[in-house]
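Read through the structure below, which is laid out as structure tokens, and then see the notes.
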Amino acid sequence: MFLINCPYCGERDQQEFKAGGEAHIERPKQPTELSDDEWAEYLFMRKNIKGVQFERWNHAHGCRKWFNMVRDTSNDEIKAIYKMGEKPPSQ
Amino acid sequence: MRNKYSVFSLIKNALSYHENWQRAWKDPAPKKEYDAVIVGGGGHGLATAYYLAKKHNMNNIAVVEKGWIGGGNTGRNTTIIRSNYLWDASAGLYDHALKIWEGLSQELNYNVMFSQRGVMNLAHNLQDVRDLKRRTHANRLNGIDAVYLSTEEVKKFCPIINTSPDIRYPVLGGTLQRRAGTARHDAVAWGYARGADAMGVDIIQNCEVKGVKRNGDSVEGIETTKGFIKTKKVGVVAAGHSSVIANMAGLRLPLESKPLQALVSEPVKPIIDTVVMSNAVHAYVSQSDKGELVIGAGTDDYVSYTQKGSHQIVEGTLNAILELYPIFSRMRMLRQWGGIVDICPDASPILSKTSIKGLYFNCGWGTGGFKATPGSGDLFAHTIANDEPHKLNAAFNLNRFVSGDLVDEHGAAAVAH
């Protein structure tokens, strides 16, 4: 449990948010040309990093907007928050 | 030679004030090379080593554990054992484990306190009723004991449940598996460790894996905090940290690691003599032999390795517990903790070879791995020894995420995720 600084609403309890998993997984541009292996990679395989990870979050019980977060999963410390479409901060 | 535990050894050791019991397992330094190394000294890892030595004559093997054995999810779960899963593949897998549980204390000469007190799953809405009836039928077709209970039968089996129709999520019925129950989780780890050690397995604690050495597409050994260990076969049974080891080997797994919480109350006299689970409201409860209520809460929805969870998850579970069991309203909770569970997209485990020769993964048990401990160890040992899966774990391969042949057990996995 921690506080999240929503880029639209400010600091709120994590309870108001929904985690949306790993960020920057791009939807395949040519879905019809993808092999089964590539589909599996896109749909199921995850980095699941212990350490600094890039994630998507949604302010589900607030503004309902999506944004990105850089978080250390070994101690739940939030390193950075940035809006969708913005470039991820370099580590 | 390992001394046998018996009433005579108990009397003999009582006479010397219990000061001369033999060590249950040694504390060896790692050798330079093993025929196989198991990464992870929890129940599943120790069981794997035990069956590798016992059934496949692989005695020159080691278990490496970064902490102490049984200190991870083996010592953190709610000890529920059942096999009432929906699909044929899962029924085969979990009932194989349940059958081993039934003779495990005798096999290990170690009392794992396996208690077949029954597990009841409650239905709170019409869809629950349909799903549970379907699952009961599926179980019976697979030879797994299961019965569907009406609300009155639920009340009769566990009288402290509030079956009043005016609660927020009334009890509309339930299923019962009488062969299901609980076991003492620490004893499972200790019993397997003692059994494996007696057959020559080295159990190396405080030894963290730092790297997996590959030569092209095969495994050559592992880097650990106690030095390099050469081996051609590495079986990874690292639960929540499976992805960490996979990343070392350059593999990706379809897993997300999340905190799952549990809590126990102060000890009280016997009040609930079975296990009651309720998926819809997310409450499950049993009572330990010490008298504590053992309550399982849910997972947080974000990836975390912190072994703690959010307060609102516990609050939600306790709300549901209080509505179903008003008698517990003045109980005080004693301890709360979290474990990191590795969750697969289809809520089924992975016991599989990988694209790297000699590297095997046993992971993805998510929120319900304890029940499968003996079966998982047995089948994973078979997979490692023969470099081929047993027919009971063939469906639980990594390739199912490519072929699409998933084993969707979200309904039977008691923790919603």
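Table for the structure above
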{"quantity": "Subset of the range B:246-293 [in contact (Cβ under 8 Å) with a residue 12 or more places away in the chain, more than 22 Å from residue B:82 (Cα to Cα) and more than 18 Å from the chain's Cα centre (by Cα)]", "calculated": "B:246, B:248, B:249, B:250, B:251, B:253, B:254, B:265, B:266, B:267, B:268, B:269"}
{"quantity": "Any hit, the range B:296-310, residues being away from chain A (no Cβ under 14 Å) and of a type outside the set (Asp, Glu)", "calculated": "yes"}
{"quantity": "Verdict on residue A:6 being open to solvent by less than 50 Å² (accessible area, probe 1.4 Å), touching a Lys or Arg at 6+ places or on another chain (Cβ under 7 Å) and more than 14 Å from every other protein chain (Cβ to nearest Cβ)", "calculated": "yes"}
{"quantity": "The one condition in (1) open to solvent by less than 50 Å² (accessible area, probe 1.4 Å); (2) touching a residue at least 12 places away in the same chain (Cβ under 8 Å); (3) touching a strand residue (DSSP E or B) at 6+ places or on another chain (Cβ under 8 Å) that residue A:28 fails to fulfil", "calculated": "(3)"}
{"quantity": "Subset of the range B:273-283 [modelled with pLDDT of 95 or more and either touching a Pro at 6+ places or on another chain (Cβ under 9 Å) or open to solvent by less than 10 Å² (accessible area, probe 1.4 Å) (or both)]", "calculated": "B:274, B:275, B:276, B:277"}
{"quantity": "Meets criteria (among the polar types (S, T, N, Q), within 9 Å of chain B (Cβ to nearest Cβ) and touching a strand residue (DSSP E or B) at 6+ places or on another chain (Cβ under 8 Å)) for residue A:48", "calculated": "yes"}
{"quantity": "Qualifying residues in the range B:112-136 (those that are of a type in the set (A, V, I, L, M) and assigned to a loop (DSSP other than H, G, I, E, B)) - the one least open to solvent (accessible area, probe 1.4 Å)", "calculated": "B:112"}
{"quantity": "Residue in the range B:246-258 that is within 14 Å of chain A (Cβ to nearest Cβ), within 30 Å of residue A:37 (Cα to Cα), open to solvent by 10 Å² or more (accessible area, probe 1.4 Å) and among the acidic types (Asp, Glu) present", "calculated": "yes"}
{"quantity": "Residue, farthest from the chain's Cα centre (by Cα), within the range B:137-162, restricted to residues that are under 25 Å from residue B:325 (Cα atoms), of a type outside the set (D, E, K, R) and not in a loop (DSSP other than H, G, I, E, B)", "calculated": "B:151"}
{"quantity": "First in the range B:137-150 and touching a residue at least 60 places away in the same chain (Cβ under 8 Å) and under 19 Å from residue B:278 (Cα atoms), second anywhere and of a type outside the set (Asp, Glu) and assigned to a helix (DSSP H, G or I), Cβ under 7 Å, 6 or more apart", "calculated": "B:146/B:136; B:146/B:139; B:146/B:140"}
{"quantity": "Selected residue (only one of A:68, A:58 is more than 13 Å from chain B (Cβ to nearest Cβ), open to solvent by less than 50 Å² (accessible area, probe 1.4 Å), under 15 Å from the mean Cα position of the chain (by Cα) and not acidic (Asp, Glu))", "calculated": "A:68"}
{"quantity": "Residue among B:286, B:243 that is within 14 Å of another protein chain (Cβ to nearest Cβ), surrounded by 22 or more Cβ atoms within 10 Å (Cβ to Cβ) and either more than 30 Å from residue B:35 (Cβ to Cβ) or out of contact with any helix residue (DSSP H, G or I) (no Cβ under 8 Å at 6 or more places or on another chain) (or both)", "calculated": "B:243"}
{"quantity": "Yes/no for residue B:360 being under 19 Å from the mean Cα position of the chain (by Cα), aromatic (Phe, Trp, Tyr) and more than 23 Å from residue B:82 (Cα to Cα)", "calculated": "yes"}
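The rows are residues; the columns are (1) free of Cβ contacts under 8 Å to residues at least 60 places away in the same chain; (2) surrounded by fewer than 19 Cβ atoms within 10 Å (Cβ to Cβ).
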| position | (1), (2) |
| --- | --- |
| B:21 | yes, yes |
| B:35 | no, yes |
| B:43 | no, no |
| B:52 | no, no |
| B:76 | no, no |
| B:79 | no, no |
| B:86 | no, no |
| B:96 | no, no |
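The values are calculated or read from the model by the stated rules, or taken from the named source; none is laboratory data. Please read these numbers as outputs of a predicted model, since none were measured by experiment. Because the Cβ atoms are built from the backbone with ideal geometry, glycine has one as well, and the counts that use them run over all protein chains shown. Side chains are part of the model used for accessible areas, which takes the heavy atoms of the whole protein and leaves out ligands, DNA and RNA. Shrake-Rupley method; radii C 1.70, N 1.55, O 1.52, S 1.80 Å.
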